1. Identify all residues within the stretch 339-373 that are at pLDDT below 95, at negative phi and part of a loop (DSSP other than H, G, I, E, B); write none if there are none.
2. Working only within the stretch 193-205, note down all residues that are in contact (Cβ under 8 Å) with a residue 40 or more places away in the chain and either more than 18 Å from Leu236 (Cα to Cα) or of a type in the set (Ser, Thr, Tyr) (or both).
3. Condition first: of a type in the set (Ser, Thr, Tyr), open to solvent by 30 Å² or more (accessible area, probe 1.4 Å) and out of contact with any Gly (no Cβ under 8 Å at 6 or more places or on another chain). Can you find one or more residues in the stretch 178-189 that meet it?
4. Which of the residues belonging to the stretch 321-331 are open to solvent by less than 40 Å² (accessible area, probe 1.4 Å) and either without any contact (Cβ under 8 Å) to a residue 40 or more places away in the chain or under 19 Å from Glu375 (Cα atoms) (or both)?
5. Select, from Ala122, Ala73, the only residue that is touching a Leu at 6+ places or on another chain (Cβ under 7 Å) and part of a loop (DSSP other than H, G, I, E, B).
6. Listed residues Glu170, Glu113, Glu139, Glu146; which is part of a loop (DSSP other than H, G, I, E, B) and of a type in the set (D, E, K, R)?
7. Can you find a residue in the stretch 379-400 that is among the hydrophobic types (A, V, I, L, M, F, W, C), open to solvent by 40 Å² or more (accessible area, probe 1.4 Å), part of a strand (DSSP E or B) and under 26 Å from Asp269 (Cβ atoms)?
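The values are calculated or read from the model by the stated rules, or taken from the named source; none is laboratory data. The shown structure was predicted, so the numbers you read here are calculated from the model rather than taken from an experiment. When we count neighbours, we look across all protein chains shown, and the Cβ atoms used for this are built from the backbone with ideal geometry, even at glycine. Keep in mind that these areas ignore ligands, DNA and RNA; they rest on the heavy atoms of the full protein, side chains included. Shrake-Rupley method; radii C 1.70, N 1.55, O 1.52, S 1.80 Å.
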Amino acid sequence: MSAGTQVHANLTEAQVREISEGLDEPDWLLETRLEALEALETLDMPDVIRTPGRDWTNLHELDFESLVDPLNAAEDKDQVGPEDAEVLPWAEAVREHEELLKEHFGSIVDPQENYLTALSTALFSTGTVIYVPEGVDAEDVTVRTEQNSRSLFNYTLVVTEESSSVTILERQSTGAEQDEQYYSGIVEVAAGENSYVQYGSLQNLSEDAYNFTVKRGVADTYATIDWIEGNLGTQLTKTEVSTTLDGDSSETQIVGAFYGHNDQHFDLDAKVWHRAEHTTADLVTRGVTDDVARSVYEGVQDVGADAWDTSSYQRENTLMLSDESEADASPKLIINNHDTEASHSATVGQIDQEDLLYMTSRGVNPRAARNMLVEGFFVPVLEEVDVDELRDDLQELIGARLRRRD
């Protein structure tokens, strides 16, 4: 680890104890935090794609010394859900569902997987637990987080019991802006047998912010986990969305959309792990880069030896609106079972000049024609977004960014 990432020099055990005490956490949670703090000394940054002589994303230049202020977290948070499901702030969940937390916390995202997961585990001071009992259909769960401090560490746990369902819409935005900010979010989803989880997320933080998020789920037999993720904010985002299909006939869909301009950098991972029979996955991502923005995409479909009768598909497309923007994609198939139907594709290109000429020749001014083509480029991914509110918000934000473009 480079000297520029030695944030642990600024952190103390006393700070971690103060966070845990303020949330009235049990000893086992405090111990998990302290172990994560201690592990910072030896852990590396999250993996990034590397080619000879180059990291596609450089996480070592982040000035964590100035960004992380663990005892001064401030936010405005709304956590809303139907009466028959429990949508609880972290401190309340600790009081009411300790055994549930003890079973699931850190079971999907290893608290010591890398430097940033350990940092988040040691320092998170806010979070949401969503628990859906057996047979309950829970719609319109909303979690809105407005960051009002230099750093904010957030944790979300979703647990669905057998034959239940839930649709979640999460938003991150910035309230009181600082020169630079750091947001970290860990999401774990445990989908019980024959349950359905749809988790939509829209990240629109300040363009002076840094963002690290990991969203992972495990799907039991006949369970489905669908992810929708939109990224428009921050100067640097490193995010992973992944599902382990652990039960027979489980399914997942991962839908992603991003729009980078100015000097934004998005590093986006979409991954699925087929570990049971008759599993199905569909990964769909579309994004735009403009100005000197850069995107890095890694998609992984991993089919295990016991994953008979697997169907797995992946499509990633990036549209570059300027000659100075960059886009790289690395789709991967790892297949260890011959009874598999799988495909993957990735494209990077610019607006088709023939399409632009066709529209301008019929009286559409060049700027409006370009905007219409970009909005049309996003249609295939927006059509996959089942949450109307999230789809409408994405369309509105994309349209607003296009209208601001010179």
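1. Those that are at pLDDT below 95, at negative phi and part of a loop (DSSP other than H, G, I, E, B): Ile351, Asp352, Ser361, Arg362, Val364, Asn365.
2. Across the stretch 193-205, the qualifying residues are Glu193, Ser195, Gln198, Tyr199, Gly200.
3. So far as the stretch 178-189 goes, no, none of its residues is of a type in the set (Ser, Thr, Tyr), open to solvent by 30 Å² or more (accessible area, probe 1.4 Å) and out of contact with any Gly (no Cβ under 8 Å at 6 or more places or on another chain).
4. Leu321, Ser322, Ser325, Ala327, Ala329, Pro331
5. After applying the criteria, what remains is Ala73.
6. Glu113
7. No, the conditions are met nowhere in the stretch 379-400.
Let's see how each residue does on (1) buried (at least 20 other Cβ atoms within 10 Å of the Cβ); (2) touching a Cys at 6+ places or on another chain (Cβ under 7 Å); (3) under 17 Å from Glu316 (Cβ atoms):
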{"site": "Ser249", "(1), (2), (3)": "no, no, no"}
{"site": "Ile254", "(1), (2), (3)": "yes, no, yes"}
{"site": "Tyr259", "(1), (2), (3)": "yes, no, yes"}
{"site": "Gln264", "(1), (2), (3)": "yes, no, no"}
{"site": "Asp267", "(1), (2), (3)": "yes, no, yes"}
{"site": "Trp273", "(1), (2), (3)": "yes, no, no"}
{"site": "Arg286", "(1), (2), (3)": "yes, no, yes"}
{"site": "Glu298", "(1), (2), (3)": "yes, no, yes"}
